[in-house]
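Novice: Sharing a structure with you now.
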Amino acid sequence: MAGGGTTLVECKLMGRNAIGVDINRDAVMLAMDRLNFSSTVLEPLPETDVRLYQCDARNLDLVPDKSVDLIATHPPYANIIKYTTRDNGSANGDLS
């Protein structure tokens, strides 16, 4: 539930490693674009490992066991991001 990547950007700016996941490809692409920056205006950014995956946050097989110290989630807020169409009556894994 990485959404637009705001938390990942803040992690990068603060020198924190981060892993973001989102089931929505468009959200992942947006977050990747927002993470594509470097800055030396005030001082160089610290080295970080920020990873982003398109997957279901309910299945985190890509994340090694005991490799995470803190989890911060951003569940979908109402209908701000449309993850799937509900024409067929199926949510298709849509948590919004």
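Taken together, the values in this text are just the output of simple stated rules run on the coordinates, not laboratory data. Because the structure is a prediction, the values reported are computed rather than measured. No Cβ is skipped: glycine too gets one built from the backbone with ideal geometry, and neighbour counts run over all protein chains shown.
Novice: Can you give the translational diffusion coefficient of region 6-54 in µm²/s, computed by Stokes-Einstein from the Kirkwood radius over Cα pairs at 4 °C and 1.567 mPa s?
Specialist: Working: Rh = 11.2 Å.
Translational D for this selection: 116 µm²/s.
Novice: If you take every residue apart from Leu52 with its C-beta less than 12 Å away from the C-beta of Leu52, what net charge results, scoring Lys and Arg +1 and Asp and Glu -1? Walk me through the numbers on the way to the answer.
Specialist: Values: positive: Lys12, Arg25, Arg34, Arg51; negative: Asp22, Asp33, Asp49.
Net of charged neighbours comes to +1.
Novice: Given a Förster distance of 30 Å, report the FRET efficiency between Lys66 and Val41 from their Cβ-Cβ distance, rounded to the nearest 0.05. Before the final figure, lay out each step's value.
Specialist: On the way: r = 37 Å, r/R0 = 1.22.
It comes to 0.25.
Novice: Each residue of region 19-27 in turn: what ³J(HN,Hα) in whole Hz from Karplus with 6.51, -1.76, 1.60 and θ = phi - 60°, glycine and Pro shown as x?
Specialist: 10, x, 9, 8, 7, 8, 4, 4, 5
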